[in-house]
Amino acid sequence: MDTELPAEGFLRHKGLILAAAGGAVLEGGLLTFLAPNARSVAPQVTAVPSLAAYHDLRWLFTDSQSWLWFAGLVAAVLAARTVLDVVLLRLAWPRGVRPPSVGRALVSCAALTVLAWLLLTPAATLAFGVAVLPFSWPFLAAFPIMLGIVAALSHGGVLTAWWRRLPSPRAVLWLLGSFAVATVAAAVITRLPAGAALAVTALVGLVNARAWYGLALLAARVQPRPHESVPARVVFSLPFAPLSALMVIAMVVGVARLLFTGTIQLPISPAPAAVPAAVAGAAVAGGTGIAGARSVSPPAAAPVSAADASAVLVVGGWGSSCCDAANGLRGVLPAVPMRQFSYEGLNAAGKPIPSGADADDLSLPVLGDRIAAQVRALHAVTGRPVAVVAESEGTLGVYAMLVRDPGLPISSVVLLSPIVSPGQLSYPPGTNGTSVSEDALDELNQLVGTMSPFGPSGAQALLSSVSAVGARYFDDVVATAAGKDGDGKPIRWLTVVPLADAVTLPYCGLPSSVIVVPAFHGGLLGDPTVLPMVSSFLSGHDVSATDDGLREAADVITGASAAWRMPDTTAACPNPAG
């Protein structure tokens, strides 16, 4: 039931505008000095309650400490968030209408925050996983979970007995409007100097204030329903809002299961390559590439004589099986000696051991050493330098190999769907031997591993080693400008990044040598756009992109997605020379 309100304007609520814009600028200013790469999340601190709850939860996950410390931090953040929400609500409340009591508002806002945190924990865990092992599938899984839940709770903390109601279309529109503005602002903030970025942050705070005002008007118009019968009282006491949010999670998990089992097929390119189950979460769908309408057109590969060619070792990504993944490349370069890397290693005869999709949960040191051993074996058999073509998890192994075993007979390296800047966040054990982030990631890892074909352990060994040494290996490879081969010659590099992975890249600008293609993460060696590119590079040609629009699109996507990833607390970008 609605009630009429006295006419008034939003701009008369100067206290609301000052609090919403000022709070966003305050956090933005602090982050400019302490963690400038994270300032794109600052406007969300004064967003409507459910969206602000996701802002707080991600900050809680960045502090990977013991459960006792985490519990104290949760209590402190919950108190601060509840007070801030109540202040904004009362400042937004229309004049001439009695607002809810302070006590009732405190309980309502605290209940919303706690519920939102519980429901958003899977999305925050996936976002944390992306910061440990950056690739797009887990982010693409977390995004609909997060957006669906905050939309289902868009009226939370504002309406009377909000948990008994589904959100009105206007409440959802106010939330989606705030979400869209924060996303666009993040893409702009990452491109601006500090002063201009704070001005944009203040404008987003103004939008937050308008959304609070709109929700307060909706709440003030709603009167309690008169329940005249027992059945009506039972029906209208059901927690409709939490149930609708749970349905969002159930739908995403259900779709992930159907994708894992192959019941639902994506329009992907022919060569499958599954994604790491652990952080992939509902990363769903095996992570294969999509052949896009726009393409990079390298020159056709010239025939390579058997005497001049390097041997090629193809290192597949997560979920790849040995030993047929190199067949597509072998078909276009028949004169080139070629092998596929086996995650199981070599047999007594020095041949790759056939393996299934569940053999690749290896720590980075072990993976790097196995790639190095198979490079040496291929070099010994052919007497030629080796070109390594690695994809996804395989690129992590290449970083480890180059750092742990420099001077290998490697002539060139091709990185497809590379893992860029791994270990942006880590989870060292807390004082009691464990940490909240580690436990959350382990639980998700087991859940997704059980749903997927990769086994219940998921990618535990890989994730732990990436958390511990992934950033160091990557930084060392970048700092040494990718190293030299066994004869002291510079190694040739080709890096191909799918556009979807722009959601996980650090906002540092892509080096000019990196090629962006319209595809999802993984399976690029089977993509008809990429295969000619790789074969041309291995034939000795220089390969470059012909469409700079994709690079610009990647920059925009990277900036916009920064608003919904884990706050980036790192101080520097990877060296562009790498």
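The values are calculated or read from the model by the stated rules, or taken from the named source; none is laboratory data. It should be emphasised that the depicted structure is a prediction, and the values quoted were computed from it without experimental measurement. All Cβ positions, glycine included, derive from the backbone under ideal geometry; neighbour counts span all protein chains shown. Side chains are part of the model used for accessible areas, which takes the heavy atoms of the whole protein and leaves out ligands, DNA and RNA. Shrake-Rupley method; radii C 1.70, N 1.55, O 1.52, S 1.80 Å.
State yes or no: is residue 270 modelled with pLDDT of 85 or more, surrounded by fewer than 17 Cβ atoms within 10 Å (Cβ to Cβ), assigned to a loop (DSSP other than H, G, I, E, B) and not aromatic (Phe, Trp, Tyr)? No.
Based on what the data block shows, is residue 81 among the charged types (D, E, K, R), assigned to a helix (DSSP H, G or I) and modelled with pLDDT of 95 or more? Yes: the conditions hold for residue 81.
The set of residues in the stretch 390-421 being closer than 14 Å to residue 135 by Cβ, of a type outside the set (A, V, I, L, M, F, W, C) and touching a helix residue (DSSP H, G or I) at 6+ places or on another chain (Cβ under 9 Å) consists of 391, 392, 393, 394, 417, 418, 421.
For the stretch 375-394, a residue qualifies if it is in a helix (DSSP H, G or I) and either open to solvent by 40 Å² or more (accessible area, probe 1.4 Å) or touching a residue at least 60 places away in the same chain (Cβ under 8 Å) (or both), and the qualifying residues are 375, 376, 378, 379, 380, 381, 382, 393, 394. Determine the pairs where a residue that is over 17 Å from residue 354 (Cβ atoms), located within the stretch 328-341, has a partner that is of a type in the set (Val, Ile, Thr) and in a helix (DSSP H, G or I) with Cβ atoms under 7 Å apart, the partner being 6 or more residues away or on another chain. Taking only residues 6 or more apart or on different chains, the pairs are 329/534; 337/382. Report, by residue number, each residue of the stretch 496-545 that is within 21 Å of residue 562 (Cβ to Cβ) and not in a loop (DSSP other than H, G, I, E, B). Answer for the stretch 496-545, where residues must be within 21 Å of residue 562 (Cβ to Cβ) and not in a loop (DSSP other than H, G, I, E, B): 497, 498, 499, 500, 501, 502, 503, 504, 514, 516.
Take the conditions open to solvent by 10 Å² or more (accessible area, probe 1.4 Å), without any contact (Cβ under 8 Å) to a residue 12 or more places away in the chain, closer than 30 Å to residue 130 by Cβ and not basic (Lys, Arg) and apply them to residue 80. Does it pass? Criteria met by residue 80. The set of residues in the stretch 141-157 being surrounded by fewer than 24 Cβ atoms within 10 Å (Cβ to Cβ) and under 9 Å from the mean Cα position of the chain (by Cα) consists of 143 alone.
Only one of the numbered conditions (1) open to solvent by 10 Å² or more (accessible area, probe 1.4 Å); (2) modelled with pLDDT under 90; (3) not acidic (Asp, Glu) is not met by residue 220, and that is (1). Only one entry of 125, 113, 160 meets the criterion of being farther than 30 Å from residue 501 by Cβ and open to solvent by less than 10 Å² (accessible area, probe 1.4 Å), and that entry is 113.
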